[in-house]
Amino acid sequence: MSPEHDPAATPPRQTTAYLKELFGQVGFRIDARRGQNFLVDLNLVDLLVRTAAIGPQDVVFEVGTGTGVVTERTSGLAARVVTAEIDARLAQLARERLVDRDNVTLVEGDALAGKHRFAPPLLAEVDAALAASPRGRLLLVANLPYCIATPVISNLLARPRPFDAAVVTVQREMAERMTAAAGTGAYNALSVWVGAQCRGEIVRVLPPGVFWPRPKVDSAIVRLDLEPDRRAAIGDLARFHEFVREVFCLRRKVLRGVLLRLAGGKQTQAAHATVDRTYAALGLPADIRAEDIGPDDFVRLAKKFFADG
């Protein structure tokens, strides 16, 4: 089926009753360990896809194919879709649903090869799709399984070719962290890592009742737009990512003490010289904590700390 296929013409089959009947027919049981919560409000599925503003040259990346309801819609708009599903039974159901979508590549297996990296075969398919549509954007559009949402977002932003935009459903708590401002309760290392590279907004808060099975917490659709100039200002992405994680391990402590520890310890003159130089260059208050420093200032902090900016 060509990308010009009208997504509005697809049958609206993702209700709770439909899924229960379908899963009963094939003997499929929900595996809670894999975050299998299916979005059954099709108006919200459409909102998710519509918010991504997919163009005919774009490549869509999806983690968590499920039954293929989101894939079905995105494939009617994008040049290519690469989607990953860890559950072999769901992958087969999705293949049957997507049998006429020749612009969809479904990769069966775990999207992650570890906490900090994607499975190489999956990335190879994404890169091949981008090479085949070089003028298109890379869009992450997915109802992300809760258990892997953070590493999916974090690892994509660590790639040389990150997403251009992401529109995903995640736990509300995670959505709030990704879009949090410095000094707020939700602000953490993820806030800095995402906020230093992206402009983010929560599009819609989703109550448990729009999923089946119902999760125990609210969810949210969140949109992230990469800002290339801000990302480029970071310089060494891997070093910055590790620096932010290490600083936020002790987020409640005064920043100076944390930096002294990272620089070699309070007992070393070199550590004090490094921290003194960093504080003087940035004009930081003596009692400031990591949670009070915004993402762009964190970038400047890291560069001064490592004496390369």
*Determine by what factor the alpha-carbon radius of gyration of segment 234-305 differs from 2.2 N^0.38 Å, reporting the quotient.*
1.00
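Rounded to the nearest 500, what is the chain's calculated 222 nm mean residue ellipticity when only DSSP H runs of at least 4 contribute -39500 (n - 2.57) each, over all residues? Before the final figure, lay out the partial values.
Numbers: 13 runs with 128 residues, N = 309.
Result for the chain: -12000 deg cm²/dmol, rounded to the nearest 500.
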*So what is the relative contact order for segment 234-305, in percent, with contacts set as C-alpha pairs under 8 Å and at least six apart?*
38
*Mean separation of Cα contacts under 8 Å, 6 or more apart, over the residue count of the chain: relative contact order %*: 15
*asked:* List the residues, sorted by chain then number, that are 5 or more residues from Val203 or on another chain and whose placed amide H is less than 5 Å from its amide H.
replied: Ile221, Val222, Arg223
*Tell me which residues come under 5 Å, amide H to amide H, from Asn143 once H is placed; ignore anything under 5 positions away on its chain.*
Thr169
*At q = 0.07, 0.14 Å⁻¹, work out log10 I(q)/I(0) for the chain with the Debye formula, treating every Cα as an identical point scatterer and leaving solvent out; two decimals please.*
-0.31, -1.02
*Within 10 Å, count the other beta carbons around each residue, average over each peptide in 219-230, 191-202, and list them highest first.*
191-202, 219-230
*Fewest to most neighbouring Cβ within 10 Å: what's the order for Leu130, Leu93, Leu144?*
Leu130, Leu93, Leu144
*What order, most packed first, do the peptides 101-108, 209-216, 298-305, 279-286 have when packing is the mean number of other Cβ atoms within 10 Å of each residue?*
298-305, 101-108, 209-216, 279-286
*Global size of segment 145-295 as Cα Rg and Dmax, reported in angstrom*: 17.4, 58
*Treating the beta-carbon of each Lys and Arg as +1 and of each Asp and Glu as -1, no other charges, what is the dipole magnitude of segment 234-305 about its Cα centre, to the nearest 20 debye?*
220
*Built amide H within the under 5 Å cut-off of Ala84, gap 5+*: Glu62, Val63, Gly64, Thr65, Val107
*Treat each spin label as a single point 7 Å out from the Cα along the C-beta direction, and report the Asp218 to Ala32 distance in nm.*
2.3
*Reachable aspartates and glutamates from Lys253, criterion Cα separation under 13 angstrom, eight or more residues apart if same chain*: Asp287, Glu291, Asp292
*Would you kindly derive the ³J(HN,Hα) couplings of segment 297-307 from the backbone phi angles with the Karplus curve 6.51 cos²θ - 1.76 cosθ + 1.60 (θ = phi - 60°), listing them in order in whole Hz, with x for Gly and Pro?*
5, 5, 4, 5, 4, 4, 5, 5, 4, 8, 6
*With N denoting the number of residues in segment 80-129, provide Rg(C-alpha) divided by 2.2 N^0.38 Å, to two decimal places.*
1.15
*Return the sequence-ordered ³J(HN,Hα) values of segment 235-248 in whole Hz as given by the Karplus equation 6.51 cos²θ - 1.76 cosθ + 1.60 applied to θ = phi - 60°, using x for Gly and Pro.*
x, 6, 5, 4, 5, 5, 4, 5, 4, 4, 4, 5, 5, 7
*When each pair of different Cα atoms in segment 87-196 is counted once in the 1/r mean, what is the Kirkwood radius in angstroms, to one decimal?*
15.6
*Cα centroid of segment 264-309 to Cα centroid of segment 84-129, whole Å*: 42
*In debye to the nearest 20, how big a dipole does the chain give about its Cα centre with +1 on each Lys and Arg Cβ and -1 on each Asp and Glu Cβ?*
1000
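Values quoted throughout were computed directly from the atomic coordinates according to the rules given, and no laboratory measurement underlies them. From a predicted model like this one, the values you see are computed outputs, not experimental measurements. Heads up, the Cβs are rebuilt from the backbone with ideal geometry, glycines too, and the neighbour counts pull from every protein chain shown.
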